[in-house]
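K.L.:
Sending over a structure as structure tokens; questions will come in a sec.
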Amino acid sequence: MPRSALLNVMVKAARKAARGLSRDFGEVENLQVSIKGPADFVSAADQKAEEVIVQELQRARPGYTILAEESGEISGTDKTHRWIIDPLDGTTNFLHGFPLFAISIALERDGQLEAGVIYNPVTDELYTAARGSGAYLNDRRIRVAGRSRLDDAVITCGIPHRERGDHAQAIRELSVVMPKVAGIRRTGSAALDLAFVAAGRCDAFWESGLMPWDIAAGILIVREAGGIVTDFENKHTMLETGDILTGNEAIHNDLRKLLNKSRLPV
Ligand code: 2AM
Ligand code: CA
């Protein structure tokens, strides 16, 4: 199926920003040994990538509102459309020369996700979806995995960073899920976790406390790949709460019940 004009705009912006990020990623290894380390360099790379994306999107669709990780909300003349942008998801990986990071761009219209793009420059893998038109990896249709038993499932998750989130709760979650599944993975990029669920590379993903730009594109891509995406109460507050749970219908349901066992009574 030919890509829509809208997706073409988003893909062009992602690929352009990716060229800079790939160059900068190649430099990170050299910087590991400097006294200051690569942190400032990475934050400059992140900002530069965001500028490129914002510039491309504004040129193609002037006036759309923008929500981006580095700039926050840039109110446009058109408030019905909003770009949600993460120029570099997996920053800690990038900083360490660990090759798992992605650019994520979504478009919302009247609060509904219309299109999403996630691009991994290291593997040159481009995940796209437009509402009602399916999800694609490098222009080939993708579907969530068909496995229905937790026993067979490989599941990715997030673990809160130092000084963020509820570490004790994260450990309770791991301790209920670990004995029931084939394996748990932690990639460090929520956007790629969602892309991997959509492509059937893993069976489910859950994380708490994420930001809208981490997950907006991925939510649509998983849905268009036939997956279920909710918060832990089966509601659709993911962009507001940052809590997300996703997989095919069977695994999503079983994992939700399991995770709820890890919650302390309030
Ligand atoms: P980032 O790499 O763009 O920061 C990994 O668990 C996920 O959490 C990544 O998608 C990462 O996005 C996100 N993340 C990292 N630090 C965060 C923070 N302080 N608040 C919210 N999300 C964060
Ligand atoms: Ca992010």
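K.L.:
If you take the residues of the range 120-148 that are part of a strand (DSSP E or B) and β-branched (Val, Ile, Thr), which of them is surrounded by the fewest Cβ atoms within 10 Å (Cβ to Cβ)? Spell out how you get there, then give the answer.
P.N.:
In the first step, residues of the range 120-148 are kept if they are part of a strand (DSSP E or B); the result is 120, 125-130, 135-137, 140-142.
Now restrict to residues that are β-branched (Val, Ile, Thr): 128, 142.
On the way: Thr128: 29, Ile142: 23.
The qualifying residue surrounded by the fewest Cβ atoms within 10 Å (Cβ to Cβ) is Ile142.
K.L.:
Moving to a separate point now. Quick check: is even one residue across the range 247-255 at pLDDT 95 or above, out of contact with any helix residue (DSSP H, G or I) (no Cβ under 6 Å at 6 or more places or on another chain) and among the acidic types (Asp, Glu)?
P.N.:
For the range 247-255, residues at pLDDT 95 or above, out of contact with any helix residue (DSSP H, G or I) (no Cβ under 6 Å at 6 or more places or on another chain) and among the acidic types (Asp, Glu): present.
K.L.:
More than 27 Å from Ser133 (Cβ to Cβ), open to solvent by less than 70 Å² (accessible area, probe 1.4 Å) and touching an Asp or Glu at 6+ places or on another chain (Cβ under 8 Å): does that describe Thr80? Walk me through how you get there before you give the answer.
P.N.:
On the way: more than 27 Å from Ser133 (Cβ to Cβ): no; open to solvent by less than 70 Å² (accessible area, probe 1.4 Å): yes; touching an Asp or Glu at 6+ places or on another chain (Cβ under 8 Å): yes.
No: the conditions fail for Thr80.
K.L.:
Something else now. Could you grab the pairs with beta carbons closer than 6 Å, sequence gap of 6+ or different chains, first residue in the range 211-225 and outside the structural domain of Thr128 (by TED's automatic domain parsing) and in a helix (DSSP H, G or I), second one more than 10 Å from ligand 2 (Cβ to nearest atom) and open to solvent by 20 Å² or more (accessible area, probe 1.4 Å)?
P.N.:
Cβ pairs passing all conditions: Pro212/Leu239.
K.L.:
If Ser175 satisfies every condition in (1) more than 8 Å from ligand 1 (Cβ to nearest atom); (2) closer than 18 Å to Ile251 by Cβ but one, which is the exception?
P.N.:
All conditions are met except number (2).
K.L.:
I'm trying to understand the selection: among the residues of the range 94-119, which are within 16 Å of ligand 1 (Cβ to nearest atom), open to solvent by 20 Å² or more (accessible area, probe 1.4 Å) and outside any loop (DSSP other than H, G, I, E, B)?
P.N.:
Leu95
K.L.:
Let me ask something additional. For the range 183-208, name all the residues that are open to solvent by 10 Å² or more (accessible area, probe 1.4 Å), touching a residue at least 40 places away in the same chain (Cβ under 8 Å) and within 15 Å of ligand 2 (Cβ to nearest atom).
P.N.:
Scanning the range 183-208 gives Thr187, Gly188, Glu207, Ser208.
K.L.:
In addition: Within the range 42-58, can you find the residues that are hydrophobic (A, V, I, L, M, F, W, C), crowded, with 16+ Cβ neighbours inside 10 Å and without any contact (Cβ under 8 Å) to a residue 40 or more places away in the chain?
P.N.:
Of the range 42-58, the ones hydrophobic (A, V, I, L, M, F, W, C) are 42, 44-45, 49, 52-54, 57.
Add one more test, that the residue is crowded, with 16+ Cβ neighbours inside 10 Å, and what stays is 42, 45, 49, 52-54, 57.
Scanning the range 42-58 gives Val52, Val54.
K.L.:
Kindly provide the set of residues from the range 79-93 that are within 13 Å of ligand 2 (Cβ to nearest atom) and either more than 15 Å from the chain's Cα centre (by Cα) or part of a strand (DSSP E or B) (or both), ordered by number. Before you say what the answer is, go through the steps one by one.
P.N.:
From the range 79-93, those within 13 Å of ligand 2 (Cβ to nearest atom) are 84-93; that's our starting set.
Once the filter is applied, which keeps residues that are within 13 Å of ligand 2 (Cβ to nearest atom) and either more than 15 Å from the chain's Cα centre (by Cα) or part of a strand (DSSP E or B) (or both), the range 79-93 yields Ile84, Ile85, Asp86, Pro87, Leu88, Asp89.
K.L.:
Regarding Gly218, is this residue within 19 Å of Glu114 (Cα to Cα), crowded, with 19+ Cβ neighbours inside 10 Å and of a type outside the set (A, V, I, L, M)? Before you say what the answer is, go through the steps one by one.
P.N.:
Values: within 19 Å of Glu114 (Cα to Cα): yes; crowded, with 19+ Cβ neighbours inside 10 Å: yes; of a type outside the set (A, V, I, L, M): yes.
Yes: the conditions hold for Gly218.
K.L.:
So Cys157 fits all but one of (1) within 16 Å of the chain's Cα centre (by Cα); (2) open to solvent by 60 Å² or more (accessible area, probe 1.4 Å); what number is the exception?
P.N.:
Cys157 satisfies every listed condition except (2).
K.L.:
Further question: Would you confirm, using the coordinates I've provided, whether Gly90 is modelled with pLDDT of 95 or more and touching a helix residue (DSSP H, G or I) at 6+ places or on another chain (Cβ under 7 Å)? Lay out the reasoning, then the answer.
P.N.:
Numbers: modelled with pLDDT of 95 or more: yes; touching a helix residue (DSSP H, G or I) at 6+ places or on another chain (Cβ under 7 Å): yes.
The answer is yes for Gly90.
The values are calculated or read from the model by the stated rules, or taken from the named source; none is laboratory data. Predicted model only: the values in this text are computed from it and were never measured. Don't worry about glycine lacking a Cβ; one is built from the backbone with ideal geometry, like all the others, and counts go over all protein chains shown. Heads up: the accessible areas ignore ligands, DNA and RNA and are worked out on the full protein's heavy atoms, side chains in. Shrake-Rupley method; radii C 1.70, N 1.55, O 1.52, S 1.80 Å.
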